[in-house]
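Only one structure is covered here, and it is reproduced in the block below.
A short reminder: the numbers here are calculations on the coordinates, not readings from a lab. None of these values were measured; they are calculated from a predicted model. Ideal geometry is used to build each Cβ from the backbone, glycine not excepted, and the neighbour counts take in all protein chains shown.
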Amino acid sequence: MEELKIRDTFLNYCLPDITMTECNEVLETLKSGWLAKGPRTMEFEKQFAEYVGAKYAVGMNSCTAALHIALVTAGIGSGDEVITTPMTFAASANTIIHTGGIPVFADIDLQTGCIDVDEIRKKITSRTKAIVPVHYGGQACDLDSIYKIADEYGLFVSEDAAHAIYTKYKNRMIGSQAKGAVSFSFYATKNLSTGEGGMLVTDDEKIAEKARVLVTHGMSRNAWNRYTKGGTWKYDIEEAGYKYNMFDLQAALGLKQLERLSQMQDRREQIAKIYNEAFSKLEGIELLKTMPYTTTHAWHLYIIKIDPNKTSIDRDQFIIELNKRNIGTSVHFIPVHLMKIYREKFGYQEGGFPNTEEFFKGIISLPLYSKMADEDVQYVIKSVYDVVKKPR
Ligand SMILES: Cc1ncc(COP(=O)(O)O)c(C=O)c1O
């Protein structure tokens with residue numbers, strides 16, 4: 001194999017794809033005199049709902065806020081058990097704690113990294129009230145099986161779709177036909193970014209109405225209804241709500257990102273295909289399986305698994321080696337059950353979720369974003385080969 005020439009510049013693990021279109025819209029918003037939640041937020045909510053095929057969408061300042069509000073609207077409270085995956089970001093589980101509920105983890109399927117439906121069944125008790133499945137990396141969870149369990153036991157489903165803007169389950173968009181709630185993230189690293197931001201979508205009018213009130217302190221009227229002509233200064237506080245609403249500067253970015261989403265996704269898909277082709281032939285590297293029900297993968301993350309039995313290098317050292325070759329990477333995720341608060345408050349320990357722990361030991365998220373140049377993609381491939389093949 002030809003010697004790898006290490007590039008001079010660092011290849012970021014992730015970069016947002018922002019063009020002058022987004023910049024101009026933000027500038028127009030700044031000049032408009034209305035920065036808070038107003039017309040652009042309402043327009044973005046409308047367009048996002050249409051895009052994913054949901055009846056209602058409520059803009060939030062993060063996906064974390066949306067996940068929390070979803071559980072609050074479902075009445076989750078003290079002592080209620082909510083089942084989720086340990087292979088996720090803390091937000092999916094922390095928000096259960098915020099409601100007073102108890103996070104109960106169900107192990108994952110080793111092939112996909114998504115929650116294992118049979119494990120969900122094993123964790124159901126008389127106190128179980130909801131399930132929070134996570135569409136890991138942009139691959140869909142097995143939704144039909146999850147909703148079947150939910151119907152059987154009368155459980156609320158709050159889908160964590162932070163990675164799944166553009167994902168399709170059996171040819172329908174994640175976010176469509178949401179009986180419970182589906183929460184998306186527009187964080188800086190996400191496929192569609194507003195810097196920070198999120199959206200809750202649902203087909204249930206009651207959930208949407210409650211969420212709308214809860215995101216602005218539980219106020220019966222938001223600022224747009226109060227400060228514009230014909231508005232009234234009077235309002236009531238219907239519930240002790242939160243300050244979770246999206247605002248127009250975020251929505252300005254969101255509206256223009258949504259216009260460009262298919263184009264950005266085409267590039268992600270293209271890169272994922274090139275990676276798949278290259279790495280499927282490389283001994284020592286395992287790829288995640290895309291299940292047939294994920295008819296469109298959002299490719300939020302591109303994950304490789306290092307097989308320590310077939311390479312002379314472990315995951316941590318692999319990351320160091322890629323870093324030496326000027327490549328940024330990440331690990332999604334450190335299992336949540338191993339975090340301090342989960343161990344100390346809920347008694348979780350190492351060994352509790354064998355699949356999740358085994359999976360965690362091997363995974364690396366490689367750079368994948370729409371702004372990557374062809375040379376960047378080829379450089380990542382060559383570097384991964386170089387690390388695997390280097391004699392040690
Ligand atoms: C699986 C998952 N859920 C929830 C979140 C929280 O999203 P946000 O940062 O928009 O609150 C993230 C963020 O990275 C995530 O990866």
Determine the relative contact order of the range 130-250: mean sequence separation of Cα pairs under 8 Å and six or more apart, normalised by residue count, in whole percent.
-> 17 percent
Report Rg (one decimal) and Dmax (nearest whole number) for the range 57-145, counting Cα atoms only, units Å.
-> 12.7, 35
P(r), alpha carbons of the range 57-108 - 10 Å bins starting at zero, rounded % | 27, 53, 19, 0
Expressed as a percent, the portion of alpha-carbon pairs in the range 92-138 spaced more than 17 Å apart is 37 percent
Which Cα, out of 94, 32, 217, lies furthest along the positive dipole direction of the chain (beta carbon charges, K/R +1, D/E -1)?
-> 32
Rh (Kirkwood, all Cα-Cα pairs) for the range 263-332, Å, reads 13.6 Å
What are the extents of the Cα atoms of the range 261-389 along their three principal axes, listed from largest to smallest and rounded to whole Å?
-> 47, 36, 26
Give me the log10 of I(q) over I(0) for the range 202-260 at q = 0.17, 0.21, 0.30 Å⁻¹, as the Debye formula computes it from C-alpha points; what are the numbers?
-> -0.71, -0.93, -1.09
Taking a point 7 angstrom from the Cα of residue 371 along the C-beta vector, which residues in the range 9-29 have backbone N less than 20 Å away?
-> 9-28
Looking only at aspartates and glutamates whose Cα falls under 18 Å of residue 256's and that sit 8 or more positions away or on another chain, we get 17, 22, 25, 28, 43, 45, 50, 196, 248, 266
Note: the range 1-106 at 37 °C, 0.692 mPa s; Kirkwood Rh on alpha carbon pairs; Stokes-Einstein D in µm²/s works out to 183 µm²/s
Mind checking the angle between helix 374-389 and the chain's longest principal axis? C-alpha axes, 0 to 90 degrees, to the nearest 10.
-> 50 degrees
Contour minus Cα-Cα distance for residue 309 and residue 151 (0.36 nm per residue) | 52.7 nm
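For the chain, what is the calculated [θ] at 222 nm in deg cm²/dmol (nearest 500), taking -39500 (n - 2.57) for each run of four or more DSSP H residues and dividing by its residue count?
Estimated from H runs of four or more residues: -12000 deg cm²/dmol.
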Out of the DSSP beta bridges found with both residues in the chain, what percent are antiparallel (nearest 5)?
-> 60 percent
If you count, for each residue, the other Cβ atoms within 10 Å and average over each peptide, how do 108-116, 341-349, 193-201 line up from highest to lowest?
-> 193-201, 108-116, 341-349
Members of 122/243; 179/210; 281/361; 179/361; 324/389; 148/273 lying beyond 26 Å, as alpha-carbon distances in this model show | 122/243; 179/361; 148/273
Residue span residue 172 to residue 316: 0.36 nm per residue of separation minus Cα-Cα distance leaves a gain in nm of 48.1 nm
Picking from 34, 299, 233, which is most flexible by a Gaussian network model of the chain using Cα springs under 10 Å?
-> 233
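When N counts the residues of the range 20-258, how does its alpha-carbon radius of gyration compare numerically with 2.2 N^0.38 Å, as a ratio?
After normalising by residue count via 2.2 N^0.38 Å, the value is 1.01.
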Take the Cα atoms of the range 163-317, find their three principal axes, and give me the spread along each one in whole Å, biggest first.
-> 68, 31, 30
Helix 143-153 axis, angle to the chain major axis (alpha carbon atoms, nearest 10°) | 50 degrees
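Dipole size in debye (nearest 20) for the chain around its Cα centre, Lys and Arg Cβ +1, Asp and Glu Cβ -1?
Numbers: 47 positive and 50 negative charges, 115 e Å.
It works out to roughly 560 debye.
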Normalised by the residues of the range 261-389, what does the relative contact order come to in percent, with Cα pairs under 8 Å and at least six apart?
-> 33 percent
For the chain, longest principal axis from Cα atoms; helix 315-324 axis from its Cα atoms; angle between them, nearest 10 degrees, is 80 degrees
